[in-house]
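S.K.: Input: one structure, supplied below.
The values are calculated or read from the model by the stated rules, or taken from the named source; none is laboratory data. The structure presented is a predicted model; accordingly, all values stated were derived computationally and were not measured. Positions of Cβ are backbone-derived with ideal geometry, glycine not excepted, and every protein chain shown enters the neighbour counts.
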């Protein structure tokens, strides 16, 4: 079955520290991959996407993600966390014409 | 620039009641979809549509109906509400690029069934 796994339902980092949110997917073909962010009581907003080409993808708010086919991974990183990054983050993979989402990771940023 | 508009934002229903969640988009996207969000489960696809007059089931379609008479609107109907349908519902409208789809989400409808 097609699946997306996000390791860690909660991640806590200090302000200024590296953010690393992990995402692995099951797929036998090169996928389309997405990261979305959800702030409290809001809808989801696209952070970045991988479709083709360069495997390191840059998104909004200083986030980036690297597609590693051999590891079937698409981890999200940011060099220095800000308080405003506190939110829930979802990895999603397109299978056919459908998006399959991971369970989400809540990022907490400590001052 | 409204994007995707969902109404209502909040709703409380009694078990057995029916209701319709409204979704409208002004981006002229052919692809629209409904998801429910439950804690620890991410977003799960309920129904989707690839164009006016065409709908299909997603991962969790039971208890829900949809129709798509226009490109702009994609309402979700709960036939007989159950407590298990307590959730946050998101409508999405998608741009179809070079093989990929990029989804734009509404603000959500928080539904409680008592």
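S.K.: Taking residue A:71 as meeting all but one of (1) modelled with pLDDT of 95 or more; (2) away from chain B (no Cβ under 14 Å), write down the number of the exception.
M.R.: (1)
Yes/no per residue for (1) within 11 Å of chain A (Cβ to nearest Cβ); (2) closer than 20 Å to residue B:112 by Cα; (3) surrounded by fewer than 16 Cβ atoms within 10 Å (Cβ to Cβ):
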| site | (1), (2), (3) |
| --- | --- |
| B:42 | yes, yes, no |
| B:45 | yes, yes, no |
| B:51 | no, no, yes |
| B:64 | no, yes, no |
| B:74 | no, no, no |
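S.K.: Out of A:21, A:44, A:56, I need the residue that is touching a strand residue (DSSP E or B) at 6+ places or on another chain (Cβ under 6 Å), buried (at least 18 other Cβ atoms within 10 Å of the Cβ) and away from every other protein chain (no Cβ under 11 Å). Which one?
M.R.: Matching residue, one of A:21, A:44, A:56: A:21.
S.K.: Sticking with this structure for a sec: For residue A:80, indicate whether it is over 19 Å from residue A:33 (Cβ atoms), out of contact with any strand residue (DSSP E or B) (no Cβ under 7 Å at 6 or more places or on another chain) and not in a loop (DSSP other than H, G, I, E, B).
M.R.: Criteria not met by residue A:80.
S.K.: Separate question: Here are the criteria: (1) over 23 Å from residue B:3 (Cβ atoms); (2) part of a strand (DSSP E or B). Tell me which single one residue A:103 does not satisfy.
M.R.: (2)
Yes/no matrix, rows are residues, columns are (1) part of a strand (DSSP E or B); (2) touching a helix residue (DSSP H, G or I) at 6+ places or on another chain (Cβ under 8 Å):
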position: B:15; (1), (2): no, yes
position: B:22; (1), (2): yes, no
position: B:32; (1), (2): yes, no
position: B:35; (1), (2): yes, no
position: B:48; (1), (2): yes, no
position: B:55; (1), (2): yes, no
position: B:70; (1), (2): no, no
position: B:77; (1), (2): yes, no
position: B:84; (1), (2): no, no
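S.K.: Sticking with this one: Of everything in the stretch A:24-41, what is part of a loop (DSSP other than H, G, I, E, B), within 13 Å of another protein chain (Cβ to nearest Cβ) and touching a residue at least 40 places away in the same chain (Cβ under 8 Å)? Give them in sequence order.
M.R.: A:31, A:39, A:40
S.K.: Has the stretch A:64-73 got any residue that is in contact (Cβ under 8 Å) with a residue 40 or more places away in the chain, exposed (fewer than 15 other Cβ atoms within 10 Å of the Cβ) and not in a loop (DSSP other than H, G, I, E, B)?
M.R.: So far as the stretch A:64-73 goes, yes, one or more of its residues are in contact (Cβ under 8 Å) with a residue 40 or more places away in the chain, exposed (fewer than 15 other Cβ atoms within 10 Å of the Cβ) and not in a loop (DSSP other than H, G, I, E, B).
S.K.: Among the listed residues A:92, A:65, A:87, which satisfies the condition of being within 13 Å of the chain's Cα centre (by Cα) and more than 14 Å from residue A:23 (Cα to Cα)?
M.R.: On the way: A:92 fails: more than 14 Å from residue A:23 (Cα to Cα); A:65 fails: more than 14 Å from residue A:23 (Cα to Cα).
After ruling out the rest, the residue left standing is A:87.
S.K.: What residue, among those in the stretch A:96-111 that are more than 7 Å from chain B (Cβ to nearest Cβ) and crowded, with 18+ Cβ neighbours inside 10 Å, is farthest from the chain's Cα centre (by Cα)?
M.R.: In this case the residue turns out to be A:109.
S.K.: Looking only at the stretch A:74-84, count how many residues are out of contact with any helix residue (DSSP H, G or I) (no Cβ under 6 Å at 6 or more places or on another chain), surrounded by 18 or more Cβ atoms within 10 Å (Cβ to Cβ) and over 16 Å from residue A:111 (Cα atoms).
M.R.: Looking only at that region, the number is 3.
S.K.: I would also like to ask the following. Got a number for residues in the stretch B:76-106 being in contact (Cβ under 8 Å) with a residue 60 or more places away in the chain, crowded, with 17+ Cβ neighbours inside 10 Å and under 18 Å from residue B:4 (Cα atoms)?
M.R.: 11
S.K.: Another question about this same structure. Can you go through B:63, B:99, B:51 and tell me which one is closer than 26 Å to residue A:102 by Cβ and at pLDDT below 95?
M.R.: B:99
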